[in-house]
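Everything on this sheet refers to the single structure shown next.
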Amino acid sequence: MMKNFFSVLKSELLYVEKFESAEEGFIEKLEEYIDYYNSKRIKSRLQGKSPVLHRTLPNY
């Protein structure tokens, strides 16, 4: 799972944005991306839900 996450992180954040250093915006953008990935980014594997929404719904 982690390899997949880092692959997606690189393709959706690191290769898209340019950062001079960690202090110049990278950490803030990384925190925003992690929130987006967990709360808003839908996944077809989770029936079109975000990971947070998927975990909060009862399992039927």
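The values are calculated or read from the model by the stated rules, or taken from the named source; none is laboratory data. Note that the structure is predicted; figures quoted are calculated from it, not measured. Because the Cβ atoms are built from the backbone with ideal geometry, glycine has one as well, and the counts that use them run over all protein chains shown.
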**Request:** Being part of a helix (DSSP H, G or I) and of a type in the set (Phe, Trp, Tyr) is the filter; apply it to the range 19-39 and report the residue that is nearest to residue 51 (Cα to Cα).
**Result:** 37
**Request:** Considering (1) assigned to a helix (DSSP H, G or I); (2) modelled with pLDDT of 90 or more; (3) out of contact with any helix residue (DSSP H, G or I) (no Cβ under 7 Å at 6 or more places or on another chain), say which one residue 16 fails and leave the rest.
**Result:** (1)
**Prompt:** Restricted to the range 12-23, and to residues that are of a type in the set (Asp, Glu) and surrounded by 10 or more Cβ atoms within 10 Å (Cβ to Cβ), which residue is farthest from residue 1 (Cα to Cα)?
**Reply:** 17
**Request:** Name the single residue, out of those in the range 49-60 being assigned to a loop (DSSP other than H, G, I, E, B) and over 20 Å from residue 4 (Cβ atoms), that is nearest to the chain's Cα centre (by Cα).
**Result:** 57
**Message:** Of all residues being over 13 Å from the mean Cα position of the chain (by Cα) and on the phi < 0 side of the Ramachandran plot in the range 29-48, which is surrounded by the most Cβ atoms within 10 Å (Cβ to Cβ)? Just the residue, please.
**Reply:** 46
**Tally of residues being within 16 Å of residue 1 (Cα to Cα) and aromatic (Phe, Trp, Tyr) across the range 24-48** = 1
